[in-house]
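> One structure, pasted below without further comment.
What follows is calculated from the coordinates using simple rules that are stated; it is not laboratory data. Being a predicted model, the structure only gives us computed values, none of them experimental. Backbone-built Cβ (ideal geometry, glycine too); neighbour counts: all protein chains shown.
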Amino acid sequence: MTSLTTVDWAIVAVYFVVIAYIVWRASRKQETSADYFLAGRNIGWFAVGASLFASNIGSEHIVGLAGNGATSGMAMAHWELHAWLMVTLGWVFVPFYYRSGVFTMPEFLERRFNATARWILSIVSLVAYVFTKVSVTVYAGGMVFGVILPDTFGSPENAFWIGALTTVALTGIYTVIGGFRAVVYTDAMQAITLLVGSVFITWIGLSKLGGWSELQAVASANAENFALWRPNTDSDFPWLGVMIASPIIGIWYWCTDQYIVQRTLAAKNLQQARRGAIFGGFLKVWPVFIFLLPGLIGYALYQKGLIDLPMKEGDDGVQVVDGDGVFATMVTTLLPTGLRGLVVGGLLAALMSSLSSLFNSCASLFTIDIYEKINPGASERKLVNVGRVATTVVVVLGVLWIPIMPMISGGGLYVYLQSVQGYLAPPITAVFLLGLFFPRINGEGAVAGLSIGFLLGMIKLTIQGMVGGGMFAEIGWLVAIGEYNFLFATGWLFAISAVAVVAVSLMTPAPSAEKVANLTYRTLSKDSREETRSGVGGWDWFGTVVVLGLVAAVYLYFSFWLN
């Protein structure tokens with residue numbers, strides 16, 4: 001394994017200088033809450049789309065996707081082909097969000113339903129962000145430092161802690177100072193860095209392996225574990241479970257989650273918001289090739305004796321590939337001087353862009369949905385300052401949670417993340433979908449669906465964790481619940497939540513006409529419909545066709561590539 005050279009570190013240093021300059025420029029325009037949380041609603045489509053991509057593709061994506069590519073092939077590609085859901089965000093969801101003028105998704109729920117629904121979503125979102133997204137992202141970043149700087153601070157463990165803590169602190173500082181404008185514009189630069197660096201690792205890895213045919217040959221030899229579609233008897237990724245759970249998780253993440261949707265709300269107008277979502281969908285197609293496939297390439301190189309991969313003890317005591325260390329190992333082993341620094345800069349960009357987006361989203365949720373509700377007369381300056389304090393608190397909580405992350409086990413970091421999200425997403429997806437398309441759905445139904453869905457999801461997650469830790473071994477039905485596939489569990493949670501929303505809504509009075517005006521498709525005014533249509537141009541349709549066509553082509557190819 002090769003260490004970073006002076007040239008590599010110089011490239012990383014230049015990257016940070018550019019980041020610092022962008023933050024300094026952004027910090028000069030932070031007078032109002034709209035400036036701080038939504039960049040003054042003055043962002044163009046390119047920056048919106050790039051920010052959507054960079055915020056999604058964090059270090060947990062690069063580390064986790066490459067790890068899953070090395071251990072389970074194309075199984076997780078379904079989650080990376082959610083570009084069609086970003087198109088759905090632009091065409092179906094954003095018009096309602098943007099016209100309503102809201103800052104946050106919980107605020108939209110209050111307008112459509114009631115204050116209780118807003119409180120529930122705010123609190124659950126904050127808890128989920130701090131204890132899953134921040135911690136998982138920082139853990140993945142620490143894994144990268146542990147591999148690329150194993151001896152710099154005395155041991156890989158020391159590199160893990162020092163690298164993770166330093167990056168969290170620096171990201172927290174530039175998010176607190178620069179606000180959402182800094183987040184969006186640094187994301188745009190980081191998206192380019194991510195793409196360039198990962199394209200090089202894929203290209204060089206394939207060249208060393210001997211080309212695409214060699215990759216296919218290695219994957220075909222292990223087709224049962226590396227195929228895109230698995231039989232329903234597969235314990236990890238049954239095809240029916242994937243088809244059910246992947247859209248549920250995707251609609252929640254791409255179309256209703258504050259962490260993502262906030263980027264579109266910062267656009268100059270509805271047209272720019274929609275085009276930004278479509279452009280983000282175009283970028284979202286490529287992670288299959290530049291993040292997932294490198295892991296599979298790494299495994300193929302390992303099988304041919306061309307690279308050494310980190311190992312860990314499997315469930316049966318046998319040594320297996322430690323997927324979460326594959327990408328960083330390929331960076332330090334395959335890339336020449338200079339490119340190594342560029343890709344390390346990309347890894348740092350991934351970590352920092354995800355954390356910066358998350359910090360600002362948490363600040364928005366706390367300030368707008370909690371603080372301003374308690375203190376409705378707070379000044380604009382006060383809201384901005386509270387947002388900065390809230391961001392600092394999130395940084396501290398994220399740091400405090402880091403020691404828990406090494407306890408993550410199972411199918412790798414990315415599988416862990418998707419399973420946790422699979423227990424959080426169903427009630428939110430059910431409430432937003434039913435709320436937009438059916439005016440009869442009311443606040444009582446939304447609260448019931450959110451409450452029941454979250455409760456059942458947390459029960460399943462708790463039992464699963466305890467069973468995984470060796471508890472309840474003598475209680476068969478609890479073991480069965482704990483080991484029940486998370487994909488099918490996601491589907492059941494969605495069905496139960498949807499039934500609760502509909503049933504309670506029908507048993508209670510219908511919402512007033514004023515409550516649903518312009519907030520469902522059936523209650524849109526003529527002016528609102530014309531406003532939406534007036535901003536649609538040929539480029540919107542062309543971009544949509546391109547994105548959907550690319551998704552279909554990738555699905556078609558990889559459905560048969562191992563045959």
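> What FRET efficiency do you get for Y555 and W203 if R0 is 22 Å and r is their Cβ-Cβ distance, rounded to the nearest 0.05?
0.40
> Another question, if that's okay. Please enumerate, by chain and number, the lysines with C-alpha under 17 Å from the C-alpha of K304, excluding those fewer than 8 residues away in the same chain.
Within reach: K208.
> Treating only the Cβ of Lys, Arg, Asp and Glu as charged (+1, +1, -1, -1), what charge dipole size does segment 271-332 show about its Cα centre? Round to the nearest 20 debye.
Value, rounded to 20: 660 debye.
> Need the full-extension length gain, W539 to I123, defined as separation in residues times 0.36 nm minus the C-alpha distance. One decimal, nm.
Numbers: separation 416, 0.36 × 416 = 149.76 nm, distance 3.88 nm.
Working it through step by step, the gained length comes to 145.9 nm.
> So, one more: Label-point separation (nm) for N232 and V499, each offset 7 Å from Cα along Cα-to-Cβ?
1.9 nm
> Also, I was wondering about something else. Among the GluC sites (Glu not before Pro) in segment 474-558, which ones are in a DSSP loop with at most 13 other Cβ atoms within 10 Å of the Cβ? Mind listing them?
Passing both the DSSP loop test and the Cβ count: E474.
> Could I have the simple spin-label model distance between T116 and V7, label points 7 Å from Cα toward Cβ, reported in nm to one decimal?
6.5 nm
> For Q319 and I481 in the same chain, what is the full-extension length gain: residue separation times 0.36 nm, less their Cα-Cα distance, in nm?
Here the segment from Q319 to I481 would lengthen by 55.5 nm.
> Determine, for V134, V554, V48, the number of other Cβ atoms within 10 Å of each Cβ, and report the residues in order from fewest to most.
Listed from fewest to most nearby Cβ atoms, that is V554, V134, V48.
> Oh, and also: Efficiency by 1/(1 + (r/R0)^6): what FRET value for S512 and V92, r their Cβ-Cβ distance, R0 = 22 Å, to the nearest 0.05? Walk me through the numbers before you get to the answer.
Numbers: r = 24 Å, r/R0 = 1.11.
Approximately 0.35, to the nearest 0.05.
> If you take the beta carbon distance between A217 and M311 as r and set R0 to 22 Å, what does 1/(1 + (r/R0)^6) give as a FRET efficiency, to the nearest 0.05?
The value I calculate is 0.40.
> Would you mind putting 321-333, 427-439 in packing order, based on average other-beta-carbon counts within 10 Å, highest first?
With the highest mean Cβ count within 10 Å placed first, the list reads 321-333, 427-439.
> Taking H placed 1.01 Å from N in the peptide plane, check which residues at least 5 places from I43 or on another chain put their amide H under 5 Å from its amide H.
A267, K268
> Sticking with this one: Given 0.36 nm per residue, what is the gain on full extension from Q303 to V393 after removing their alpha carbon distance, in nm?
27.8 nm
> How would L126, L347 line up from fewest to most surrounding beta-carbon atoms within 10 angstrom?
Exposure proxy ranking, most exposed first: L126, L347.
> Among W477, W541, rank each residue by its count of other Cβ atoms within 10 Å, from fewest to most, as a rough exposure measure. It would help to have the intermediate numbers written out before the result.
Details: W477 8, W541 11.
Fewest-to-most Cβ neighbours within 10 Å comes out as W477, W541.
> For each pair in K284/K382; K373/K515; K373/K460, compute the distance between the two Cα atoms and list the pairs where it is over 28 Å.
K284/K382; K373/K460
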